[in-house]
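Following: one structure in structure tokens, then a few remarks.
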Amino acid sequence: MRVTLDWLGVSTFRLTVGDLVVFLDAYLDRVPAAPPIGLTTADVTRADYVLVGHSHFDHLWGAERIAARTGATVIGSHETVRLLRDVDDVPERQLVAVAGGEPIELPGGIRVRVYPALHSCIWATMGAQPDEACLGDLGIAQHERAARVARGMEMLHNGALGDDVARHMAASDRHPRGEGGSFAYLIETPAGSIFWKDTSGHWSGILRDLRPDVALLAAVGRGNVDGEPVQGTLAEFVAAEVGLLRPREVILCHHDDWMPPLTRPTDVGPIRHELARRTPAAALIEMGYLEGRRMLE
Ligand SMILES: [Zn+2]
């Protein structure tokens, strides 16, 4: 069975398993200053499913147009499904709401398992690069976390990062409640299994038993470990996730320069170094956009 993977920027991938086309997130249409992926939602002619990790614009936006263009079924949180139904008028028959714990059968002997995950701590101090250690921000109550996130979102919307970003936010942000809940997905195919998580956070007790063949992991911001910000570097956080999952191959995402001037290119070097030191059995694969990489061979 032929399995191919394209990275489409941020945490969005296109996974093709035999004849089945599955998008992981749907964020293809970015600000003009971001490096082009080579594909926009207007170019997407085939999709059977779209899995959505959480409801932030840089993951969800595009699912509504891919669903309209292709008839694809979208699987996401109850908040993701609410926004697609109520704001974007995606038909109910194309929506599957999940909360974590659901095994979903796809054609071709493929099974998708949904697991609860955690969003990265966007309310906490974060390093500019993966080897910059951050400490503290422990025990911050939810009302304070939410207030900090609201101030950050307001900055994106109000033009503080330029008119292009403000225009992009006006078009793309569906104003979810929080991030709508975050999920990890384990995609089991006859050729092997692929784990995908679109933000840097996890419940360690859940990751520990999954053992995928390949792990697609977000590498951005301040990692969230069991509900509190990681005490250390992003490189250490990613290595901890790989240590729990023990995949043969690791592919990073969300580390590209997806929304300048908010973002900048990430130096993968410290992550590569930390993985080589702590999890040498897992090979780190660095993907470019639209590579069409053969998987699980
Ligand atoms: Zn997010």
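The values are calculated or read from the model by the stated rules, or taken from the named source; none is laboratory data. Just so it is clear, the structure is predicted and the values come from calculations on it, not from any experiment. FYI the Cβ positions are ideal-geometry reconstructions off the backbone, even for glycines, and counts take in every protein chain you see.
Within the option set 222, 264, 246, 211, being basic (Lys, Arg), more than 12 Å from the chain's Cα centre (by Cα) and at pLDDT below 95 holds for one residue only, 264. Summed over segment 269-289, the residues that are closer than 18 Å to residue 198 by Cβ and in contact with an Asp or Glu (Cβ under 6 Å, 6 or more places away or on another chain) give a count of 1.
Taken over segment 38-73, the criterion of being more than 19 Å from the chain's Cα centre (by Cα) and within 16 Å of the ligand (Cβ to nearest atom) is satisfied by no residue.
Exactly one residue out of 25, 29 is at pLDDT 95 or above, more than 18 Å from residue 105 (Cα to Cα) and out of contact with any strand residue (DSSP E or B) (no Cβ under 9 Å at 6 or more places or on another chain): that is 29.
Selection of first residues in segment 48-73 that are within 15 Å of residue 114 (Cβ to Cβ) and part of a loop (DSSP other than H, G, I, E, B) and of second residues that are within 8 Å of the ligand (Cβ to nearest atom) and modelled with pLDDT of 95 or more, restricted to Cβ pairs under 6 Å at least 6 apart or on distinct chains, gives the following pairs, ordered by first then second residue: 53/59; 53/198; 54/179; 54/182; 55/179. Cβ-Cβ under 6 Å, sequence separation 6+ or interchain: first residue in segment 218-241 and free of Cβ contacts under 8 Å to residues at least 24 places away in the same chain, partner assigned to a loop (DSSP other than H, G, I, E, B). Which pairs? Within 6 Å, no pair qualifies. Apart from one condition, residue 128 fits all of (1) at pLDDT below 95; (2) within 16 Å of the ligand (Cβ to nearest atom); the exception is (2).
Got a sec? Which strands (runs of 3 or more DSSP E) wholly within segment 1-42 have at least 1 residues that are of a type in the set (D, E, K, R)?
On the way: elements: 3-7, 13-17, 20-24.
Those strands (runs of 3 or more DSSP E) span 3-7, 13-17.
Taking residues in segment 189-200 that are at negative phi and within 14 Å of the ligand (Cβ to nearest atom), and partners anywhere that are part of a loop (DSSP other than H, G, I, E, B) and of a type in the set (D, E, K, R), the pairs with Cβ atoms closer than 8 Å and at least 6 places apart or on different chains are 198/25; 199/179; 200/222.
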